[in-house]
Amino acid sequence: MTQIHSQAPVPSEKKVMLSAVQPSNRLTLGNYLGALKNWVQLQSQFDCLFFAVDLHAVTVRQDPKELKEQTYRAIATYIAAGIDPNSVTLFAQSHVPQHAELAWILNCFVYMGELGRMTQFKDKSAKQDQNISVGLFTYPALMAADILLYKTHLVPVGEDQKQHLEITRDIAHRMNQIYGSDLFTIPEVYIPPVGARIMSLQNPLSKMSKSDPDPNSAVYLTDSDDQIRKKLKRAVTDSGSDIVYSEEKPGIRNLIDIQSAITGRSTQQITDAYAGKQYGHLKVETAELVAATVGPIRNRTEELLRDTSYLDSLLKKGAEKAKTRASNTLKDVYERIGFIPRG
Ligand code: TRP
């Protein structure tokens, strides 16, 4: 019998890259310069999936109205930052039920002891010593499902999420050993060639974080130009007055890193240009650069948020694309486990 092979779909040659954001807090300049900006540059090089993890968000109590607004905002911010919704797969996690379905299966292949060792669980449950939900505990199984559903090769995540990626790899290995080594692709942490690690403006030894209780510690992508200027003016600097890039001057170094991430200039070029100048100059000029970067993203985000029906149509398209891929993986898992096919 002759078979026409030319009709077979050509698998994408591009590696699959996937990342997600929790729609529970506003994104910061650190999220933009450390992650989003890179993704925009990488989106044509990889087969990218980006989504808002609303199922993860409800592991702690959320206000329904706020959750919805933050989920739209996360998606709108991705687009405003330059993610092309037509070339990547952009969606909301809860729109693709396979995430919750695979998470259940993975819950049965991860152990209490492993989940109990997760730093994020220990931190979050220490902050909230009552009513710690089971969901908060099994959060990493859902994250593993997010990743394994799409045969992901690369996951660009920060330091705080590496442990979750490690457990994802352990679960994948474990199931591959039982059900066949071609069941899951083993994902790797992706470290971009140029990655900026932006620190808190109030404590430059810790990372700029969207959940920091001090609003002056972070520039949010929702901040007005005036707020940005004020926050940079108040940024903690170091003793002395020379603008040098060194371990001993983490505050100054952070401002230089911010400038470098925005302009692409090297830290050396930047410090050279500040020879003989004072901290005040560096602060003011960094503030202007940040305002010029955040301003257009903020304005475009607000514009997009005014038209939720457009966002809905993008999310619908994204979910359809994601579902096709996710359901193939889930079907394979179900079959190998021994479930009767749905027919
Ligand atoms: N846990 C991640 C965070 O808090 C968000 C996340 C959920 C994620 N699923 C993911 C990140 C899959 C990368 C891949 O930042």
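Ranked for footprinting exposure by Cβ neighbours inside 10 Å, fewest first, Tyr179, Tyr72 give Tyr179, Tyr72. The GNM of the chain, with springs linking C-alpha atoms under 10 angstrom apart, assigns the highest mean-square fluctuation among Ala74, Ala144, Ala100 to Ala100. Annotation: amide H-H contacts under 5 Å for Asp47 (H modelled 1.01 Å from N, sequence separation of 5 or more, or interchain): Lys15, Val16, Met17. Using a Förster radius of 30 Å, what is the FRET efficiency between Asn86 and Lys127 based on their Cβ-Cβ separation? Nearest 0.05, please. Efficiency, from the Cβ-Cβ distance: 0.15.
Take the Cβ-Cβ distance between Gln278 and Gln227 as r, set R0 to 22 Å, and report the resulting FRET efficiency rounded to the nearest 0.05.
Values: r = 23 Å, r/R0 = 1.06.
Computed FRET efficiency for Gln278 and Gln227: 0.40.
Build a GNM of the chain with springs between Cα atoms under 10 Å: which of Thr119, Thr152, Thr293 gets the top mean-square fluctuation? Result: Thr119 has the largest fluctuation of those listed.
Can you give the longest run of the chain that contains no GluC sites (Glu not before Pro) sitting in a DSSP loop with at most 16 other Cβ atoms inside 10 Å? Walk me through the numbers before you get to the answer.
Working: sites that count: Glu13, Glu247, Glu248.
Result for the longest clean stretch: 14-246.
For Tyr245, Tyr32, the sequence from fewest to most other C-beta atoms within 10 Å is Tyr245, Tyr32. Computed per residue of the chain from DSSP H runs no shorter than four, each worth -39500 (n - 2.57), the mean residue ellipticity at 222 nm is -16000 deg cm²/dmol.
What FRET efficiency would be calculated for the residue pair Asp238, Arg336, taking the C-beta separation as r and a Förster radius of 51 Å, to the nearest 0.05? Write down the numbers at each step before the final one.
Numbers: r = 57 Å, r/R0 = 1.12.
Given R0 = 51 Å and the Cβ-Cβ separation, E is 0.35.
A straight chain from Thr119 to Trp104 at 0.36 nm per residue would run longer than the Cα-Cα distance by 3.2 nm.
Each reported figure results from applying straightforward, stated rules to the coordinates on display, with no laboratory input. Bear in mind that the values here come from a model prediction, so they are computed numbers and not experimental data. Counting neighbours? That spans all protein chains shown, and the Cβs are built from the backbone with ideal geometry, glycine included.
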